[in-house]
């Protein structure tokens, strides 16, 4: 399956009032793996960015002045996303701007060039984490994805981060072995959907002395609280066997 994570940066928040796209970043996933085959454009919008937007992306009018117009990159964008499933965070925002840009060129809406559905990771995140912040930064924090290098928004950087977030959101319990699937079968041998557990080298981590001491301290506190011995210190009794009954059964079976 081919998937494209897409993000844009714009001169402002409202495509209908004349704001334009100034950056497009696309990251390719093939069978849930990053391929490194990305698409990235800075675009000359022919206008200044709103101060609030400029503070977010930092792309000045001077920097963008020698970059291509949207008309010059439209075909490359269409060719790159064709046949792929699109993944966008807050998709209505980006799609509205793309539709507006295509409309200015007298072309069909952007979605008309896409053969498959569009996945909105913001909708997915709200369903998974209702009532919580679900911005890209918040999701990076939630899934332990480093975004320390993200001082300003950038379409390509945000697409790369969103790719990691999307994989984490949709991976679930299989994350323990997902990256090893596909590397186990011998060349020329058809691979089944299952995983040969014996072929996986899973790390076994033993508790350190400090961790064991901390665990012992917790158990001591529990013992004091209940004024006895906590269940965590009680080893399960081994099953007992009535020797006489066992001997009798063996004798009868002889």
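The values are calculated or read from the model by the stated rules, or taken from the named source; none is laboratory data. If you're wondering where the values come from, they're calculated on a predicted model, not measured in any experiment. All Cβ positions, glycine included, derive from the backbone under ideal geometry; neighbour counts span all protein chains shown.
General remarks:
- Per the conditions (1) surrounded by fewer than 18 Cβ atoms within 10 Å (Cβ to Cβ); (2) modelled with pLDDT of 95 or more; (3) under 19 Å from residue 116 (Cα atoms); (4) out of contact with any helix residue (DSSP H, G or I) (no Cβ under 8 Å at 6 or more places or on another chain), the sole criterion not satisfied by residue 31 is (2).
The rows are residues; the columns are (1) crowded, with 19+ Cβ neighbours inside 10 Å; (2) closer than 25 Å to residue 35 by Cβ; (3) in the same structural domain as residue 93 (by TED's automatic domain parsing).
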position	(1), (2), (3)
117	no, yes, yes
125	yes, yes, yes
130	no, no, yes
133	no, no, yes
138	no, no, yes
142	no, no, yes
147	no, yes, yes
158	yes, yes, yes
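- Residue 47 fulfils the conditions (1) over 21 Å from residue 162 (Cβ atoms); (2) in contact (Cβ under 8 Å) with a residue 40 or more places away in the chain; (3) surrounded by 13 or more Cβ atoms within 10 Å (Cβ to Cβ) except for a single criterion, (2).
- Counted residues, the stretch 66-91 - those being under 30 Å from residue 169 (Cβ atoms), without any contact (Cβ under 8 Å) to a residue 40 or more places away in the chain and in contact with a helix residue (DSSP H, G or I) (Cβ under 8 Å, 6 or more places away or on another chain): 4
- All of 163, 100 fail the test of being within 17 Å of the chain's Cα centre (by Cα) and either crowded, with 16+ Cβ neighbours inside 10 Å or assigned to a loop (DSSP other than H, G, I, E, B) (or both), apart from 163.
- Residue identified as closer than 17 Å to residue 157 by Cβ and either modelled with pLDDT under 95 or over 26 Å from the mean Cα position of the chain (by Cα) (or both) among 55, 84, 15: 55
- Taking (1) at positive phi; (2) modelled with pLDDT under 95 in turn, residue 114 satisfies each apart from (1).
- For the stretch 105-152, the tally of residues that are under 16 Å from residue 94 (Cα atoms) and in a helix (DSSP H, G or I) stands at 8.
- Enumeration of residues in the stretch 97-126 that are out of contact with any strand residue (DSSP E or B) (no Cβ under 8 Å at 6 or more places or on another chain) and closer than 13 Å to residue 6 by Cβ: 110, 113
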